[in-house]
């Protein structure tokens, strides 16, 4: 069976200011992902009849409104997965003890908010190492979905961080090792190094197209619109699992209160209705191609038993 899982990283807005080396916002825009985007995503999922996997940052759940929305999402049938406690882009550089604390405390916060312990994990910025995989296995995770073997994304990220530095701004983001570009693009069990197949944790790589390995992620889909979105989706048809990864900001735009990001982040210049049409286009292409929509936890379970 062909499967598609749609996941959403619920990175709150200060993270994007940090990527661009900007001072964090102080107003209500800090909470737009939980206060606005989660409801929009839920409505879109209901319209399309698809489940979502939401990757939550534990520290955000200290805010009661965020915890309540996440709990409602789980009660509505969504999977809730772990995106660490503080979303440190430099997670892999923190040392084993702090890496474990970030992962375990993130899971604890999600369990307190939703009543269920997450089984899946995604690293901030998609950056992961063998050490992180060892910790995930020790903590009993069922799967990871961090590996992103996309040359175009890797190059664009490296260039953006370098450009920020030239302009005197320090990005909180970091560049992953280029070795990630050699990792499998289809679900696999990790070996040592994690870019090789083995008998370790189930890995569900973030989606790239067949051939050119272009990114099928929220940014590429919503930035370029429905036509390009359909083309990227068609380039993924035939994959056993299409792992479409979004961010909450993918259903927000400048009019929601993100004018300060407009000069730095082109996707916030795209009106939300057009973004939603692009996401609908991807789902329609995959549905027409016979894909069934599921959560990442369900997809991982199928990989584990195959």
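Values in this text are rule-based calculations from the coordinates and carry no lab data. The structure displayed is predicted, hence computed values, not measured ones. No Cβ is skipped: glycine too gets one built from the backbone with ideal geometry, and neighbour counts run over all protein chains shown.
A few comments on the model shown:
- Order of 247, 31, 87 - criterion: other Cβ atoms within 10 Å of each residue's Cβ, fewest first: 31, 247, 87
- Relative contact order for segment 50-135, counting Cα pairs under 8 Å that sit 6 or more residues apart, in percent: 35
- Solvent-free Debye scattering, log10 I(q)/I(0), computed from the Cα coordinates of segment 221-280 at q = 0.16, 0.23 Å⁻¹: -0.53, -0.90
- Only Cα sites of segment 1-158 enter the Debye sum here, all with the same form factor; the resulting log10 I(q)/I(0) across q = 0.09 1/Å is -0.29, listed in q order.
- Under the Debye formula (equal points on every Cα, no solvent term), log10 I(q)/I(0) of segment 79-165 at q = 0.16, 0.18, 0.24, 0.25 Å⁻¹: -0.64, -0.78, -1.16, -1.23
- Neighbour counts of C-beta atoms inside 10 Å place 145, 173, 137 in the sequence 137, 173, 145, starting with the fewest.
- Kirkwood-Stokes translational diffusion coefficient of the chain, alpha-carbon pairs, 20 °C, 1.002 mPa s, µm²/s: 112
- Peptide ranges 105-114, 38-47 listed from the most packed, as the mean C-beta count within 10 angstrom indicates: 105-114, 38-47
- Look at 65, 29 and count the other Cβ atoms within 10 Å of each Cβ; fewest to most, that gives 65, 29.
- Max-minus-min Cα coordinates of segment 133-219 on each principal axis give 44, 32, 22 Å, with the largest extent listed first.
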